[in-house]
Amino acid sequence: MSKITAAITAIGGFVPETRLTNHDLEKLVDTNDEWITSRTGIKERRIQNEPGKATSDMAVEAVNELLKKRGIKAEEIDLLIIGTITGDLVFPSCANIVCDKIGAINAWGFDLAAACSGFLYALETGAKFIETGKHQKVVVCGFDKMSAIIDYTDRNTCIIFGDGGGAVLLEPNTEGFGIIDSILKSDGSGREFLHQKAGGSLKPPTHQTIDAREHYVYQEGKSVFKFATTNMADVSTEIMKRNNLKAEDINYLLAHQANKRIIDYTAEKMNLPSEKVLMNIEKYGNTTSGTLPLLFWDFETKFKKGDNLILATFGGGFTWGSIYIKWAYNS
Ligand code: COA
């Protein structure tokens, strides 16, 4: 029997309507458009500010789009995984809620928390259920509503993050297309530089933690930047080397959209020209687990069957990794 690989066969995405531009942020904190654009590449982000709407509502839109495009029903989904750190509730999982809302009555599912590497980790996990023959249809989502945990009085973080994400369908392939190789890494000692201080079991929320604004993202940007550039570049060049891929063999790099300078550094180490480096950071900012699926969503029409794609991420934890995909279809 030929080897089963997990191939992406459909894509969906969603970003909320409301735009938060750099000029809007100038009214909230001491910053300016020129500083944000030159330091990060971000011009605006999307914010889900409709009352009663949460991460699951964005994921529902994307999964429904994907099902329609592939011409299948929610009942056919075997497993649904969501990379997220901003699920609707502490429990149950956002995946449980999404399955209920879309009518995926035959699916099981769970959330996977790996901050900005959430989608990459979830893609690797979902692929294993396809490769082993256990499942035929696995939906992998990456979504975050970062505006729920961002302090809009903190200029170190509020300029970076936005809301949104996307979903992909994984199905078995026996012709050598799909996920070919992966390298996943983590180093929990990096947690001191990027975390949320309160709201977990270490420090359950109290009036004091709220007053101290500890329910928001805390980040030491310079340290995160240093680790992100080195680690994302290292893991991307490592996956190229062990698959004998030269820059000319790679069609596109889909790198986590945290900072344009981090992406440029990774691309430079891989010797990739700018036309092979996909970017949409200017319009969405850093959507945490959402960035990679949003790249798939925005640039799907560029991909041709047989294209070599390299995914790369770095995020809180620290977590990071790279996945090599041989694209499975012409859209
Ligand atoms: N607007 C204007 N000035 C700002 C500012 C803002 N939003 N934020 C910080 N500054 C100031 C600082 O106070 C500092 O001033 P000083 O020199 O007088 O002390 C100066 O700008 C430089 O700050 P610094 O933090 O060194 O800037 P930086 O070049 O490291 O850029 C980040 C800051 C956050 C954009 C950058 O560190 C970064 O992108 N880090 C990684 C973040 C990331 O990827 N997070 C997600 C993890 S995946």
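Derived scalar couplings between HN and Hα for the range 142-147 equal x, 9, 8, 9, 5, 4 Hz in order, rounded to whole Hz, by the Karplus curve 6.51 cos²θ - 1.76 cosθ + 1.60 (θ = phi - 60°), x for Gly and Pro.
Could you size up the charge dipole of the range 180-326 around its Cα centre, putting +1 on the beta carbon of Lys and Arg and -1 on that of Asp and Glu, and report it in debye to the nearest 20? Mind showing how you got there, number by number?
Values: 19 positive and 17 negative charges, 14 e Å.
The dipole magnitude comes to about 60 debye.
Couplings 3J(HN,Hα) for the range 95-111, derived from phi with the Karplus relation 6.51 cos²θ - 1.76 cosθ + 1.60 (θ = phi - 60°), are 4, 4, 5, 5, 4, 5, 5, 9, x, 7, 6, 9, 9, 10, x, 7, 9 Hz, where x marks Gly and Pro. Net length available on complete extension from Ile105 to Val90 is 3.2 nm, with 0.36 nm assigned per residue and the Cα-Cα distance removed. Between the range 1-69 and the range 104-166, how far is it from one alpha carbon centroid to the other, in angstrom? Between the Cα centres of the range 1-69 and the range 104-166 lies a distance of 12 Å.
Between the residues Gly118, Cys94, Trp108, the greatest Cα displacement towards the positive end of the dipole of the range 5-176, with unit charges on the Cβ of Lys, Arg, Asp and Glu, is found for Trp108.
Each of the peptides 266-275, 171-180, 198-207 was scored by the mean count of other Cβ atoms within 10 Å over its residues; in descending order, highest first, they stand as 171-180, 266-275, 198-207.
Report relative contact order for the chain in percent, whole number only (criteria: Cα-Cα under 8 Å, sequence separation at least 6).
The value is 25 percent.
A full extension of the chain between Leu28 and Gln196 corresponds to an added length of 58.3 nm, given 0.36 nm per residue minus the alpha carbon distance.
Summing charges over all other residues whose Cβ lies under 13 Å from the Cβ of Thr84, with Lys and Arg as +1 and Asp and Glu as -1, gives -4.
For Leu254, the residues 5 or more places off, or on other chains, whose built amide H falls under 5 Å of its own are Ile310, Leu311, Ala312. With 0.36 nm allotted per residue and the present C-alpha distance subtracted, the Phe227-Glu282 stretch has 17.6 nm of extension available.
Of all DSSP beta bridges confined to the chain, the antiparallel ones make up roughly 70%. Please check which bits of the range 294-331 a label hung off Ser189 would reach, taking the label as a point 7 Å along Cα-to-C-beta and the cut-off as backbone N under 12 Å. The answer is 318. Considering only Val168, Tyr216, Ile183, and ranking their Cα positions along the charge dipole of the chain that arises from unit charges at the beta-carbon of Lys, Arg, Asp and Glu, the one farthest toward the positive end is Ile183.
Sort 276-287, 184-195 by packing, meaning the average of other beta carbons within 10 Å per residue, with the highest value first.
Values: 276-287: 21.7, 184-195: 15.0.
Put in order of decreasing packing, that is 276-287, 184-195.
Backbone phi angles across the range 118-123, fed through the Karplus curve with coefficients 6.51, -1.76 and 1.60 (θ = phi - 60°), yield HN-Hα couplings of x, 5, 4, 4, 5, 5 Hz in residue order; Gly and Pro are listed as x. Taking the accessible area of the range 2-84, probe 1.4 Å, and keeping the other protein chains in place, the carbon and sulfur fraction comes to 48%.
To the nearest 20 Debye, how big is the dipole of the chain about its Cα centre, given +1 on the beta carbon of each Lys and Arg and -1 on that of each Asp and Glu?
Approximately 540 debye in magnitude.
Taking the Cβ-Cβ separation of Glu268 and Gln208 as r and a Förster radius of 56 Å, what is the calculated FRET efficiency to the nearest 0.05? With a Förster radius of 56 Å, E is 0.75.
Summarising the amide proton neighbourhood of Gly285: residues at separation of 5 or more, or on other chains, whose placed amide H is nearer than 5 Å comprise Lys43, Glu44. Think of a 1.4 Å ball rolled over the protein heavy atoms: the chain then has 43 Å² of accessible area per residue.
Per the 1.4 Å probe, what fraction of the accessible area of the range 195-247, in percent, lies on carbon and sulfur atoms?
The nonpolar share, carbon plus sulfur, comes to 55 percent.
Packing, as the average of other Cβ atoms within 10 Å across residues, places the peptides 67-76, 53-62 in the order 53-62, 67-76, highest first.
The values are calculated or read from the model by the stated rules, or taken from the named source; none is laboratory data. Treat the numbers as computed from the prediction; the structure is a model and nothing was measured. So basically every Cβ, Gly included, is an ideal-geometry build from the backbone, and we count neighbours across all protein chains shown. For accessibility, only protein heavy atoms count, side chains too; no ligands or nucleic acids. Shrake-Rupley method; radii C 1.70, N 1.55, O 1.52, S 1.80 Å.
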